[in-house]
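Below you'll find the structure, written out as C-alpha cells, and then a few comments.
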Amino acid sequence: MPPWALGGAVVATLVKGTAAGIYPAMRAARVSPTVAPAAV
C-alpha cells in the first residue's frame, strides 16, 4: 500500500469524524437546557 494512500485515508477519517461530531454538537448548543429533556 503506498504511503500517500494511507495518509489520505487517515486525513479523510479525521475530517469525517470531526464533521460527524461538530454538527450534532452545534445543534445541541442551540437548544435551551430546560427544553432539551423534552426533546429526547
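Residue count for the chain satisfying the condition of being at pLDDT below 85 and surrounded by 10 or more Cβ atoms within 10 Å (Cβ to Cβ): 1. When residues of segment 24-40 are filtered for being part of a helix (DSSP H, G or I) and more than 21 Å from the chain's Cα centre (by Cα), how many remain? Residues that pass the stated criteria total 2.
The values are calculated or read from the model by the stated rules, or taken from the named source; none is laboratory data. Owing to the predicted nature of the structure, the values given are computational and were not obtained by experimental measurement. Positions of Cβ are generated from backbone atoms using ideal geometry, with glycine treated the same way; all protein chains shown enter the neighbour counts.
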